[in-house]
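> Quick one: the structure is below, questions incoming.
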Amino acid sequence: MLDLVNIQTYYGNIQALKNISIHIDEGEIVTLIGANGAGKTTTLMSISGIVPPKSGTITFLGEPIHDLNAEQIVARGISQVPEGRHIFPYLTVMENLDMGAFLRTDKRNIRADLEMIFEMFPILSDRRHQEGGTLSGGEQQMLAISRALMARPRLLLLDEPSLGLAPLIIKKIFIIIKEINRTRNTTIFLVEQNANLALHVADRGYVMENGSITMEDTAAALLVNEDVKRSYLGI
Ligand code: ATP
């Protein structure tokens, strides 16, 4: 479904991604783990067109997307939930969700998707007329995921969904991530610093260090890999 081949991405003179190659098959949950500053967010930004790569190719559903802008990439079926959520704090929950569907014209399906989201996150239904900025951290994460789902993505990019949330809320968010993958036919690329959590929900994983991919395997194999255990699982 998604193929990154030899991607190199820079911020000015700083090279953040050094020749990385990643592939994701339809229906998978794939995770990218690594330390602070390894290049995980940049990988997502390169896919979504926010920080375009300097060289290499990105193919999505058989078409090259590395030369498209962020809006065109959303229209192709890729939505990103950014680190830190970035919901619109002065817009209501409903207005935030409407923003997620801004490229769509299929009104009946939009309504159906909204109902599905309110079933998945009843708290967002209760708070639909409340400003986004007044929600708790966990509720804002639910809103950020829901806003991305309102674009009906085929591929959902999640950047650190556990960041700053209490353990019980994180558990709930990860159950929902699995549910979105299973019931919504949505492929998921998950960036996480919490490697243990990410590898328990994912099918496969990549490990990133200093802008390079250093390991790639099934999540089950990475969970018992001695290097991964020592460096990322604290075992
Ligand atoms: P974190 O978990 O802390 O977000 P990360 O693995 O997502 O880390 P990136 O945010 O992708 O890593 O950063 C990769 C490298 O690029 C780091 O060296 C970082 O300092 C640098 N970098 C990131 N954003 C910028 C920017 N806007 N300008 C310059 N350098 C940047």
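> In region 21-37, how many residues are open to solvent by 20 Å² or more (accessible area, probe 1.4 Å) and either within 16 Å of the ligand (Cβ to nearest atom) or aromatic (Phe, Trp, Tyr) (or both)?
Residues meeting the conditions: 3.
> Show the residue pairs meeting these rules: Cβ distance below 9 Å; 6+ apart or different chains; first residue within region 193-205 and without any contact (Cβ under 8 Å) to a residue 40 or more places away in the chain and farther than 17 Å from residue 180 by Cα; second residue in a helix (DSSP H, G or I) and among the aliphatic types (A, V, I, L, M).
194/170; 196/223
> Taking interchain pairs and intrachain pairs at least six residues apart, which have beta carbon atoms under 8 angstrom, with the first residue in region 118-143 and in contact (Cβ under 8 Å) with a residue 12 or more places away in the chain and polar (S, T, N, Q) and the second assigned to a loop (DSSP other than H, G, I, E, B) and buried (at least 21 other Cβ atoms within 10 Å of the Cβ)?
Every condition considered, the pairs that remain are 140/85; 140/87; 141/85; 141/161.
> Further question: For region 202-227, how many residues meet the condition of being in a helix (DSSP H, G or I) and crowded, with 21+ Cβ neighbours inside 10 Å?
Step one: of region 202-227, the residues in a helix (DSSP H, G or I) are 219-224, 226-227.
Narrowing the set further to residues that are crowded, with 21+ Cβ neighbours inside 10 Å leaves 222.
Residues that pass the stated criteria total 1.
> Can you name the condition, by its number, that residue 18 falls short on among (1) farther than 22 Å from residue 219 by Cβ; (2) in contact (Cβ under 8 Å) with a residue 60 or more places away in the chain; (3) near the ligand (Cβ under 9 Å from one of its atoms)?
(3)
Results for (1) touching an Asp or Glu at 6+ places or on another chain (Cβ under 7 Å); (2) of a type in the set (Ser, Thr, Tyr), shown as yes or no for each residue.
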residue	(1), (2)
22	no, no
31	yes, yes
46	no, yes
67	no, no
73	no, no
86	no, no
97	no, no
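> Let me ask something else about it. Given the options 34, 27, 39, name the one that is at pLDDT below 95 and within 16 Å of the chain's Cα centre (by Cα). First the steps, then the outcome.
Values: 27 fails: at pLDDT below 95; 39 fails: at pLDDT below 95.
Exactly one residue qualifies, and that residue is 34.
> Oh, and also: I want to confirm something. Restricting to region 142-166 and keeping residues that are open to solvent by 20 Å² or more (accessible area, probe 1.4 Å) and at pLDDT 90 or above, which single residue is nearest to residue 76 (Cα to Cα)?
154
> Just to be sure I understand, how many residues within region 59-80 are crowded, with 22+ Cβ neighbours inside 10 Å and within 16 Å of the ligand (Cβ to nearest atom)?
Of the residues in that region, 1 qualify.
The values are calculated or read from the model by the stated rules, or taken from the named source; none is laboratory data. The shown structure was predicted, so the numbers you read here are calculated from the model rather than taken from an experiment. All Cβ positions, glycine included, derive from the backbone under ideal geometry; neighbour counts span all protein chains shown. Surface accessibility is based on the protein's heavy atoms, side chains included, excluding ligands, DNA and RNA. Shrake-Rupley method; radii C 1.70, N 1.55, O 1.52, S 1.80 Å.
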